[in-house]
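The values are calculated or read from the model by the stated rules, or taken from the named source; none is laboratory data. On a predicted model such as this, the values are computed, not experimentally measured, just so you know. Note that each Cβ is placed from the backbone with ideal geometry, even for glycine, and that neighbours are counted across all protein chains shown.
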Amino acid sequence: MGSDVFEISVNFVKMVAIFLLMVNLVPMLVWVERRGSAFIQNRFGPNRVGPLGLIQLAADAIKFLFKEEFIPPKGNKALFLIAPIIALIPGAIAFGSIPLSVPIEISAFEMFGSQWGPYVFPFQSFEIGIGIVFVLGVSSLGAYSMLLAGFGSANKYSLYGALRASAQMISYELAMGLAIVGILIVYGTFDFAEMIAAQQGPLSIPLFEADHVVNKILGILPNWGVFYQPVGFILLFVSVFAETNRLPFDLPEAESELVAGYHTEYGGIKMNMFYIGEYGHMMVASALIAVFYFGGYSLGTTLDTILVEGTIVPNMSALFASLLNLFGSGWEQSTNLINVVRAFVFHGIFMAKILLFLWIFVWVRWTLPRFRYDQLMDLGWKTMLPWALANTIITAFLMLFLR
Amino acid sequence: MSELDILFYILSSMSVLFGALVVLTSSPIYSSLYLVMSMLSVAGIFMTLNAPFIAGIQIIVYAGAVLVLFVMVLMLFDLKRETKAFTKGRFSGFLKLVGAGLLCGFIAGAAYESVSLIMATSEEIPTNIAAAAETGFSPTTNSIKEISKLLFTKYLFAFEVLGLLLLVVPIGAVALSRVAGGTHAKH
Amino acid sequence: MTSLTPIIVLTVFVAIFGVGIVVVSALLGPKRNWTKAKKIPYESGLPGQERKETKIPVKFYLTAILFIVFDIEVVFMYPWALTYTEFIDAGLGGYIFGAMAVFVGLFIFGLIWEIKSKALEWD
Amino acid sequence: MSHSVLLSILLLAPFFGFLFNGLRFKSKNVQVAGVVGTAMVGISFICSVLLFSQLASLPEAERSLRAEYWNWLNVAGLQIPLAFVVDQLSAVMILVITGIGTLIHLFSIGYMSHDERPSKYFSYLNFFVFNMLLLVLGDNLVLMFFGWEGVGLASYLLIGFWFTDKEKAAAGMKAFVTNRIGDAGFLIGLFLLFGEFGSIVFETLNAQAPTVQDMSWNSNLTLACIALFIGACGKSAQIPLYVWLPDAMAGPTPVSALIHAATMVTAGVYMICRLSNIFIAAPNALFIVAIIGALTLLMAASIGLTQWDIKKVLAYSTVSQLGYMFLAVGVGAFNAAMFHLVTHAFFKALMFLGSGSVIHAMHEEQDIRKMGGLKKHMPVTHWTFVAGWLAIIGTPLFSGFMSKDEILWMSWHSPLGSWYLWLMGVAGAGMTAFYMTRLMALTFWGESRVPSDVHPHESPTSMTLPLIVLGVLSVFGGFLGIPHVLGKILPGHPPNFFEHWLDPRLANIPGLAQANITMEWIGIAISVTTAAVGAILAYRFYIIRKDLPEKVTSKIKGLYELVYNKYWVDEFYFGRIINPIVEMSKGLWMYIDVNFIDKITYWTSDMVKGAGSSVRSMQSGNIQQYALLILLGVVVVIFAVVMG
Amino acid sequence: MQSTEALVSVGLNHYLVLSALLFTIGSLGVLLRKNMIVILMSIELMLNAVNISFVAFATYLDNLDGKIMVLFVMTIAAAEAAVGLALAVNIFKNFREVNIRFFEHLRG
């Protein structure tokens, strides 16, 4: 966690901050969902509580807290209680492993009378060498929360719902894995930071290197993964929907058929924790898509240098410095400050991308009709998986010649 | 007591504890959950042994797939709490305990013997990972690439045979379950 | 270098956070004695048809088994994908592609067999 | 034609006859079988005459025709080529065998005319001739042994020809077993010789024989000679192993004539003459041969006095004459022995065929007490029989006299011989004269005691012709080898052709003194007088005063009983040797086989069954028990490794 | 010889002892438990113990073969678990209860 007190404490604060970011984002997403669905269905969403219903978030949270604690008598009490907690953990940990921004280099400075050496704080909860494998592993743990919830509540329908949800989740995890294999072939590394670094600079596909004209046109576009792995992107995008049981694939909790799936017997805060888990999972998914295919927290070198480095960062840091001066004195635009501000700017870009994809989640939910279960499984096994395999083979084959 | 040592002691005690619980609890659902925890702690131990890739694979394969199957099958059986968890036979039980104890003792003894032997022969092997880190031990990513290079050159044949095995298993499982109807089918 | 302690610290923190919330809601929530209707599992209004044992089709665990097998094959593809470009640079492109072609061939054959044998048909 | 082709024809003709008749053994046609059989042996006779002439044309020194066909046995040190040699010695033998063989085949056409298996009989006879030729022509001891065995087999088959009769079959068996005992001795001798000289070819054996005489008793050479002599005893019916010959009379008479008079029984003598150099070098062995020969001739002659069956009398006379031959060989007079062999073949074959025609005429009646006065009915048989009788008792100028007196003289004169051998020989000659005259008297002369229903008639010409030929031979045969002392006084001094012919091939006695003419004449005189006394005595006993025999026998009752019962030799053999062995083997079987070996086998099978059941209990199907066993196994292994 | 120091720095033999312990627990599970599923789980536990020693040796002898072996062991374990559970389900179908004793019916 770090060599000295300062580093450890900063790391810990960072970890908690990122987790709280995720947890707080969930009510906001709920709000976005309700407003979005209203917008799509041409009606007003919650607008009574505060401007545009923004305070609704807090209202919901508090409401959940004061709900009654209900545990089905015949069910397995321990499992019933553990399930929601297990739902939380995978999302949080996976999100923690994704680098949300450029690591902050803090040069040595003097504070509280002692000299603190230079630090490098990676803008993520923890740095993990095998990024993708870790995220995949942890996300596959998500299935346990469903199974235990279904088994804990003695309800027959919840058992069915749990089995169906986990079966669905398992099936699409394969397609996701294969899509990721495509990415690995292109970038040749597990670590997210290296992937994002690889996506800097203008798009230059070795095949057309010789031909200047094409290169010129392509040069405009940033060197993102989506152009290398378009099919992979679609596969990942679809399978992510299934992973998080989002609409086209949310048959297990479909109200009409199986009551509410595996969280039928849940209410109150435990139900809320399932939502947090679900939305957390969605955030991780969209983050992954952003990292793999849309260059993570960078906007491509040209925009990066001009926009970010050139304009935004200096102004922001100046603004920020002036604010600090209001309180204390002698804050000038030290490099540390600039680094911190730059990190947050890039973080802003990354969050923008994530929010874009989250909006797409919501958007898709309220437009597409639901799959029947056998259609859903057939799609997973009989189309997604073969397509993913084909994609891997073709990428490998092309790579033979492109290199 | 470097950071890694503490980690090792925590994780190993977790894995042993959960391992024991797997065997001792009477209800199979709980034992499977303890097994998941044991697996995760073993994955942690792999991390301390500077094998992150193996740890990741362990989580994906073991914790993520095999045990999901276990839990699913257990749910299928919908077993009530078992009355007698252990097979009967006092003497054979005792014999089993003694046998297992002896086995463990011997392996541990053999470990001490051989390790001291290994230590004697090759000094430069670091006593623990933290020390190893300073000696420029190959960072994780390189080691993963090394693993895959080795896998596809030296162990290619084994790799292909495994492909075949993985072809046979599903066919076998499907054949085994070819019996008509669900779990409660009347035969 | 992968550091493990932050992961463990984070998991513990999240676990404590979860338990904390549940405990707080349990404390804050009203305590009522449950009517009989509340106790029976919620069957979207239908009167309890609590049968002794729930019949679960065999399909689920079959999918799980297939998942394990194919998951492992995907897992084996990771190291391959990782060093694929390096093998090509080293001039062994054909070799490594061939090796994986066989592996994926078996994968596809297994998949086709599963599809043909209707193991994945959901009734 | 080259000698090898002639030799092959000589050998293969009888073999072909054997095959031809053998394959159609069921047919009853005597003519075809008989003619073919006789023709084959005739062809062999012609070949042997041609070979004899070729041999004679060769210069004295290298008179031997050797024909090697292929390499029969080629083991490390032992090379046995399938080779045949015709030299002076074997030429004489093949002439005798094929000559007399043809005559006997001719005779037996008539004799076997109403037998139901004639072709089987002729195929056996041809088989016998083939084997005898093999024995005689063999270039080495092993080939000779091959013939030796074949002849033994043929004699067994022929003796037991009418095997339906239990007694005749037993006689065949007896002959075969006694021969086998002799053959064992022959083999041991063969091995010892091979061990000593490293070769078994006669040529090399005779060449390598040590010139100085080996006086020790237990040297390899002496033991080899003694063993070979035991083989000879078995085959030529000498003292210990002679019992089979009298019983061999159970076979058809021409068989006895051919095998038990002329050829097979002489094999032993031929073998010793063949290895004369070896035997000369072992005087102790020769001494044993001489003693056994003398004893046999005395014992056989004495038994011959008391026999009533015509063929039994002739059998014992053959045994005693063989005794003379071995006596001659024992004292080193190989030449005399061979000459006596030839002359004996003539007159003994004649007498057997004569007795054959008598039995044929008397419708299988063999007891001479029921015969008498056949002179009138069977003139040709009678006169040929008289010629034979004169020859055998040794009347001067007849063949018997020429050869027997030579033997008697040499037994006295030779350094190896001694006075008591000569005395036994003379006594034997006297007894021979007595029982032969007794035979003549009882069958041919005296008044006829033939029972009324039987009326003897002369046999057909096919049977009388050979008799006549043999008669001529036995009368003039003697002139082949006239003793020197006689040669001088006879007009024109005819030399001893026979001795002259055989001498280079046979070893001569070391230290033989110059013959003392007067002593020789004295010897001749004594032997002739004893023979005459014997004959006259018998004539008086059985023709003139018929009561005398009873009186004499009643006086010497004990001795007569002893001699009449053939000294109880058969009974002794059965009682002391054969039965104890049978009893012992029964006992052994009971003790060892039943309760020792069986016990062990049962015990092992029970043990295995027990082990099996104990292991079965382990396979209880309880998987955890298996796992436990595996675990314990692993623990033990680790323990071994750690501790080891 | 490395008494306290052994306690302090974690050497190879710590891992081996750990794997031995886990292996023993797994084998006890196999031997003692009646429920077939739990036996399969104990087998998984034993295999994990083996994996630990593999990786420990791989790290301490700086030889990657150990890690590759772990990969193979994992696949084998997964395959074995899959087939084992398929069997268990079959037995459950016939006997309504999963008990190792039922394998005795398979006896010839």
Picked from segment A:52-73 (must be at pLDDT below 80 and in a helix (DSSP H, G or I)), the residue surrounded by the fewest Cβ atoms within 10 Å (Cβ to Cβ) is A:L52
So which residues in segment A:1-29 are among the aliphatic types (A, V, I, L, M), over 13 Å from A:M283 (Cβ atoms) and at pLDDT below 90? A:M1, A:V5, A:I8, A:V10
Can you pull out every residue in segment E:25-37 that is at the interface with chain B (Cβ under 7 Å from one of its Cβ atoms) and at pLDDT below 90? E:S27, E:L28, E:G29, E:L31, E:L32, E:R33, E:K34, E:N35, E:I37
Evaluate the following for D:S474: is it touching a Phe, Trp or Tyr at 6+ places or on another chain (Cβ under 6 Å) and touching a residue at least 60 places away in the same chain (Cβ under 8 Å)? yes
From the list A:V30, A:V23, which one is hydrophobic (A, V, I, L, M, F, W, C) and more than 14 Å from chain C (Cβ to nearest Cβ)? A:V30
Selection from segment B:11-23 of residues more than 8 Å from every other protein chain (Cβ to nearest Cβ) and without any contact (Cβ under 8 Å) to a residue 24 or more places away in the chain yields B:S13, B:L17, B:F18, B:L21
Could you identify the single residue in D:V454, D:V450 that is assigned to a loop (DSSP other than H, G, I, E, B), over 30 Å from D:D87 (Cβ atoms) and touching a Pro at 6+ places or on another chain (Cβ under 7 Å)? D:V450
Those residues of segment C:84-123 which are more than 9 Å from chain A (Cβ to nearest Cβ) and assigned to a loop (DSSP other than H, G, I, E, B), in sequence order: C:A90, C:G91, C:L92, C:S117, C:K118, C:A119
Out of (1) crowded, with 23+ Cβ neighbours inside 10 Å; (2) more than 21 Å from B:L40 (Cβ to Cβ); (3) facing chain B (nearest Cβ under 7 Å), what's the single condition that is false for E:V10? (2)
In segment A:357-376, is there at least one residue being part of a helix (DSSP H, G or I), of a type in the set (A, V, I, L, M), out of contact with any Gly (no Cβ under 9 Å at 6 or more places or on another chain) and within 14 Å of chain C (Cβ to nearest Cβ)? yes
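For (1) of a type in the set (G, A, S); (2) within 9 Å of chain C (Cβ to nearest Cβ), each residue gets a yes or a no:
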| residue | (1), (2) |
| --- | --- |
| A:S158 | yes, yes |
| A:S166 | yes, yes |
| A:M169 | no, no |
| A:A175 | yes, no |
| A:A179 | yes, no |
| A:I183 | no, yes |
| A:G188 | yes, yes |
| A:D191 | no, no |
| A:I205 | no, no |
One residue from D:S8, D:S90, D:S108 being surrounded by 18 or more Cβ atoms within 10 Å (Cβ to Cβ), more than 25 Å from D:A507 (Cβ to Cβ) and of a type in the set (S, T, N, Q): D:S108
Please give the number of the condition D:A525 fails out of (1) closer than 25 Å to D:K404 by Cα; (2) surrounded by 13 or more Cβ atoms within 10 Å (Cβ to Cβ); (3) of a type outside the set (V, I, T). (2)
Note on A:V135: of the conditions (1) within 13 Å of chain B (Cβ to nearest Cβ); (2) at pLDDT below 85, unmet is (2)
Single condition A:N11 does not satisfy, out of (1) over 24 Å from the mean Cα position of the chain (by Cα); (2) assigned to a helix (DSSP H, G or I); (3) within 14 Å of another protein chain (Cβ to nearest Cβ): (1)
Condition set in a helix (DSSP H, G or I) and either of a type in the set (F, W, Y) or in contact with a strand residue (DSSP E or B) (Cβ under 7 Å, 6 or more places away or on another chain) (or both), scope segment D:155-209, selection surrounded by the most Cβ atoms within 10 Å (Cβ to Cβ): answer is D:F186
For A:I85, are the conditions met, namely being modelled with pLDDT of 85 or more and crowded, with 17+ Cβ neighbours inside 10 Å? yes
For segment A:223-239, check the following and say yes or no: at least one residue is in contact with an Asp or Glu (Cβ under 8 Å, 6 or more places away or on another chain), in contact (Cβ under 8 Å) with a residue 12 or more places away in the chain and within 14 Å of chain C (Cβ to nearest Cβ). yes
Could you check segment D:326-357 and list, in sequence order, the residues that are under 17 Å from the mean Cα position of the chain (by Cα) and either closer than 29 Å to D:F444 by Cα or modelled with pLDDT under 85 (or both)? D:H340, D:L341, D:V342, D:T343, D:H344, D:A345, D:F346, D:F347, D:K348, D:A349, D:F352
